[in-house]
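The values are calculated or read from the model by the stated rules, or taken from the named source; none is laboratory data. Keep in mind it's a predicted model, so treat the numbers as computed, not measured. Methodologically, a virtual Cβ is constructed for each residue, glycine included, from the backbone with ideal geometry; neighbour enumeration extends over all protein chains shown.
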Amino acid sequence: MKNIFLVISLCFIFFSAVAKPPFERNAGVSVIRINQLGYTPSSIKVAVFGAIEQIEIDSFSLHDADTDKEVFKSKTPISKGAYGPFKSSYRLNFSAFETPGKYYLLAGSIKSPEFRINTDVYDHTADFLLEYMRQQRCGYNPYLTATCHLDDGYILYNPEKEGERVDVSGGWHDASDYLQYTATSANAVFQLLFAYRDNPEAFDDAYGADGLPGSNGIPDVMDEAKFGMDWLKKMNPSSTEYYNQIADDRDHSGYRLPNNDSVVYDPNRLGRPVYLASAEKQGVLKYKNRSTGVASTVGKYASAFAIGATVLKEFYPEYTDDLAKRAEEAYKYGELHPGVSQTAPGRSPYFYEEDNWIDDMELAASSLYKLTGDKSFKKSALKYASEEKITPWIGRDTILHYQYYPFLNAGHYELASAVESNERKEVTSYYAKGLQMLHERGKGNPFYIGIPFVWCSNNFVTAAVTQSRLYHKLTDDDTYLEMEAALRDWLFGCNIWGTSMIVGIPAHGDTPTDPHSSLYLLEGYQTNGGLIDGPVYASIANSLIGVELHEEDEYAQFQSDLVVYQDDVGSYSTNEPTMDGTASLVYYLSYLESESMKTGNQKKRYTYDLSGSIVRGDRSEKKISLLFSGHEYADGAVEILRVLDKHNIKASFFLTGDFYRNETFAPFIKKTKKSGHYLGAHSDKHLLYNDWTKEKKRLVTQDEFKSDLKANYSEMEKFGVQKEDVPYFLPPFEWNDNIITQWADQMSITMINYSPGSISHADYTTPEMENYRTTEEIVSSILTLEETEGLNGFLLLSHIGTHPDRTDKFYDKLDSLITILKERGYEFDTLTNNLNLKK
């Protein structure tokens, strides 16, 4: 639920009427909007030209970004007239061009941002969304490495257990507030499992079940889905108890972190209220909902349990033993109690006003038919499908908040893919009818966008693009593919404002940077991976109370009487990430990744150590990156730079704050920077973060870690090295745990370490040390590893200097080692290229 602090009832009814806000527009602005992630070679590729004044264009061209050479030209831009702030607009179709590379478009004198055409443009995007899901975890929050809401909660609206305690800790916070809903969470669980079931090859393993960095042998999407399923089980303690939400809008009491939640719901009880799903109209304060039954909630339980019974079984066989039974019980309970169980309001009239439940029961019945083969479920699913053929939001402008939820009816796909011939054709036609309505609404505007611009408009875009994809999977009908491409591209920057709607994707592009989030406002923590609410009609934007921008609107010239989007923490209606919208987008992005691999894309992957540090780049190419660390000594500085210059290699130097502030080393640092080498952080005082035991007892607090690292970056800034330009961090002593890695992540820093297997990092040892290794032994370990396993993607670490007692200097053999490895076919690549898996 959205985090609103000043509300009136007008805020929650969405109008299609056009208001006349006092937006100021700059004349003479023309732009070309593109998908900032890029395009796969065989995909539909359409950019949009928009001008705030009347302009005619009769051609456009595509140019190689490196050479400026024209590689494609079209004399058929399609005029779409006025739309939003634009008095002129055109669709620029360059689908016929399929050659991979980096390009830009020209229309007259207007140049687009650069973009890529390649099979890998969507690689790792589905997993990236899971960053936000982990950040939304309740109970133990791995992002914050802290706990919250462990006392949840006490029961409301269950006459037999009123006021009793029930352990429902866990689950996901809904959005930037800390309420938790079964409706959105069960849908999220289904979507994550749905995505993995259909597109398993899209997902990697970089995090553990607890959400902390470090692989555990299970795809991260499965860890996340199980985390949500754990909570659903807790919210379903018996076959007649299905709880619907935790907390209510008393939560909306100002910005705060979840682990410092100060809201007290009842001074005589621990935790927060837990509402039973029922037909009773609920609301403990002034306002009530309009509940009529339970099917909307228990249908979602049933579908999540049913798909979980098969998909989770691969990784958690015993855990899934009760899921089929739970699914059938929930479904039967829904049949006994048809209707909707809406979320409960409190001191304001704001709640999730879900009015449809047929789709939930169709998905439940379809999922159970797939699970059991029982034809009675098929019969029921067919009946439900015929009763709600088109998801009711499609074709509308005026929609109450979450009035028709989920926004995607996945039941049609689950049912159609499980039945034959005429039944399949009939159910599939329901998707087609909805898509045709979206097509009719969108075909007249340059962005081919036919969804309503109400709150969470990006959720509607996600639902529509996924519906189109599922329809095509069922039919191979290409009718709606251009609309699907437009909806996809809208999310990644081919929209009025030219911005991505997912925080942090793409890293190099225009993405939300000021989301409506307590984590961001209070601590500067970015909500990476979160799908934001998206633009709203100007009439909605102008009716909201409490919207106060914290900075000047960077998109002011593109706001209009039609629709508004603002990248500002104060714009709660357009710029708040939501958990369920994010989870729902995982399916489509995983499809794009999976499809690219089917067409030959070799997805590149990292190797992680147990702390979650990246220790190796992709192993598909013979590339090595040289890393050097420095703290006290720099006796090898001159020789190392000479060798690197001789071989035209750009290396990476990770230096402590003490190293940077040592005036003796300043000439070396300046020369290293001027030569184009990477200058990174290695802590300020070369702290030991963990002791040397197997348990790695932590020796620093988070405040000590952050303070020390900030001091390191402060010294780097004196040499013109900015933190945002050098995101990789090598821990001191190359020793840390996954909590330290997560603390670094909170600071938008990526932890790396050397690739294991050689002993290059032992070049600091001196003869009196027990672990002393000669240079001959070190070189031998590297070459032996190369012969036996290869060094592809290797991060080879050594030191800039060593204690004077070590006279056997490894850097003296660097020249010959590089020569040998080059002769064996290796290329020495920059760390940035090695770890940037998209080239």
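Which of the helices (runs of 4 or more DSSP H) found entirely inside the stretch 700-789 contain at least 1 residues meeting this: under 19 Å from Ser215 (Cα atoms)?
Numbers: elements: 702-717, 738-746, 775-788.
Where helices (runs of 4 or more DSSP H) fall fully within the stretch 700-789 and carry at least 1 residues being under 19 Å from Ser215 (Cα atoms), they are 738-746.
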For this session: Examine the stretch 465-474 for a residue that is under 17 Å from Val564 (Cβ atoms) and not hydroxyl-bearing (Ser, Thr, Tyr), and state whether such a residue exists.
Result: no
Exercise. Does the stretch 317-339 include one or more residues that are of a type outside the set (D, E, K, R), under 24 Å from Ala225 (Cα atoms) and at pLDDT below 95?
Worked result: yes
Exercise. Within the stretch 652-672, can you find the residues that are crowded, with 24+ Cβ neighbours inside 10 Å and part of a loop (DSSP other than H, G, I, E, B)?
Worked result: Thr656
Problem set entry | Lys433 being under 25 Å from Met361 (Cβ atoms), free of Cβ contacts under 8 Å to residues at least 60 places away in the same chain and in a loop (DSSP other than H, G, I, E, B) | no
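Looking only at the stretch 526-574, how many residues end up being of a type in the set (Gly, Ala, Ser), crowded, with 18+ Cβ neighbours inside 10 Å and not in a loop (DSSP other than H, G, I, E, B)?
First, pick out the residues of the stretch 526-574 that are of a type in the set (Gly, Ala, Ser): 529-530, 534, 538-539, 541, 543, 546, 556, 560, 570-571, 573.
Applying the additional criterion that residues be crowded, with 18+ Cβ neighbours inside 10 Å yields 529-530, 534, 538-539, 541, 543, 560, 571, 573.
Of the ones still in play, those that are also not in a loop (DSSP other than H, G, I, E, B) are 538-539, 541, 543.
Here the count works out to 4.
Just to check your reading of the model, which residue among Arg441, Arg488 is closer than 21 Å to Arg91 by Cα, in contact with a Cys (Cβ under 9 Å, 6 or more places away or on another chain) and not in a loop (DSSP other than H, G, I, E, B)? Write out each step before concluding.
Values: Arg441 fails: in contact with a Cys (Cβ under 9 Å, 6 or more places away or on another chain).
After ruling out the rest, the residue left standing is Arg488.
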Exercise. Hey, among the residues in the stretch 698-755 that are of a type in the set (Gly, Ala, Ser) and touching an Asp or Glu at 6+ places or on another chain (Cβ under 9 Å), which one's nearest to Glu523 (Cα to Cα)?
Worked result: Ser748
Exercise. Given the conditions (1) modelled with pLDDT of 95 or more; (2) exposed (fewer than 15 other Cβ atoms within 10 Å of the Cβ); (3) not aliphatic (A, V, I, L, M), and given that Gly50 satisfies all but one, which numbered condition is not satisfied?
Worked result: (2)
Seminar exercise, completed: Restricting the stretch 221-259 to residues that are more than 25 Å from the chain's Cα centre (by Cα) and of a type in the set (S, T, N, Q), the one surrounded by the fewest Cβ atoms within 10 Å (Cβ to Cβ) turns out to be Ser238
Exercise. Any idea how many residues of the stretch 673-723 are farther than 23 Å from Phe628 by Cα, surrounded by 12 or more Cβ atoms within 10 Å (Cβ to Cβ) and of a type in the set (Ser, Thr, Tyr)?
Worked result: 1
Problem set entry | Tally, over the stretch 208-227, of residues that are free of Cβ contacts under 8 Å to residues at least 60 places away in the same chain and in a helix (DSSP H, G or I) | 1
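Quick one: count up the residues across the stretch 311-345 that are in a loop (DSSP other than H, G, I, E, B) and buried (at least 22 other Cβ atoms within 10 Å of the Cβ).
From the stretch 311-345, those in a loop (DSSP other than H, G, I, E, B) are 315-318, 337-345; that's our starting set.
Within this subset, residues satisfying the condition of being buried (at least 22 other Cβ atoms within 10 Å of the Cβ) are 340-345.
Result for the stretch 311-345: 6.
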For this session: Find the strands (runs of 3 or more DSSP E) located wholly in the stretch 84-185 whose residues include 1 or more that are of a type in the set (Val, Ile, Thr), and list them.
Result: 115-117, 146-148, 154-156
Exercise. For the subset of the stretch 720-747 comprising residues that are of a type in the set (Asp, Glu) and out of contact with any Ser or Thr (no Cβ under 6 Å at 6 or more places or on another chain), which member is nearest to Thr693 (Cα to Cα)?
Worked result: Glu734
For this session: Select from the stretch 346-397 the residues that are in a loop (DSSP other than H, G, I, E, B), more than 30 Å from His439 (Cβ to Cβ) and hydroxyl-bearing (Ser, Thr, Tyr) and list them in ascending order.
Result: Ser348, Tyr350
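Residue check: is Asp205 part of a loop (DSSP other than H, G, I, E, B) and under 16 Å from the mean Cα position of the chain (by Cα)?
On the way: part of a loop (DSSP other than H, G, I, E, B): yes; under 16 Å from the mean Cα position of the chain (by Cα): yes.
Judged against the criteria, Asp205 is a match.
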